[in-house]
1. Looking at region 39-53, which of the residues that are in contact with a helix residue (DSSP H, G or I) (Cβ under 9 Å, 6 or more places away or on another chain) and either over 18 Å from A84 (Cα atoms) or in a loop (DSSP other than H, G, I, E, B) (or both) is modelled with the lowest pLDDT?
2. Would you call K76 assigned to a loop (DSSP other than H, G, I, E, B), surrounded by fewer than 16 Cβ atoms within 10 Å (Cβ to Cβ) and at pLDDT below 95?
3. State which residue is surrounded by the most Cβ atoms within 10 Å (Cβ to Cβ) when the search covers only region 54-68 and only residues that are part of a loop (DSSP other than H, G, I, E, B) and of a type outside the set (S, T, N, Q).
4. Let me confirm something: among T4, T17, T59, which residue is more than 16 Å from A105 (Cα to Cα), of a type in the set (V, I, T) and modelled with pLDDT of 90 or more?
5. Of the residues that sit in region 82-140 and are among the aromatic types (F, W, Y) and at pLDDT 60 or above, which one is surrounded by the fewest Cβ atoms within 10 Å (Cβ to Cβ)?
Amino acid sequence: MAMTAIVVPETAEWEPTEDSVICMMYAQASKSKGGIHIPDVAKGEVFYAHVVAVGPGKTVDIAEDGTPIRSPMHIKVGDDVVYARFHGERFIKGNTYYLVMPQEAILTKLTIPEDDKMGYFVPARHGEVDESFVLAPTAA
């Protein structure tokens, strides 16, 4: 099965639309904070990411003056989230994997102290992680 990600230049800028959320994907670290080696069989795909941009909210109606009435965004820039499997579009920007998905694909916010997070998760970087766990499957 072929795997894909959209590659964009590092200078590219994004502006999510509607209820879209852009996240930097995390990968499982090779060793825990305490130095315990995490076996490859336990790594798998990590459905954990850091929110770097959010859209203005889904348009639910149009006001009399023509401005959109939007549903609120419950996810904010800086949140760490757990997302549903098989959602979103993956892309590579500056050697780091990102994911664009609708807010509804986010299952929960997850707060892990920064010192602990880096002991278990690292940013998913092109060439440094098992790409079969990061890239989206495509039709054969």
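The values are calculated or read from the model by the stated rules, or taken from the named source; none is laboratory data. If you're wondering where the values come from, they're calculated on a predicted model, not measured in any experiment. Glycine gets a Cβ as well: all are built from the backbone with ideal geometry, and neighbour counts include every protein chain shown.
1. It comes out as G44.
2. no
3. By that ranking, first place goes to G55.
4. Just one listed residue meets the conditions, T59.
5. Filtering first and then ranking leaves F86.
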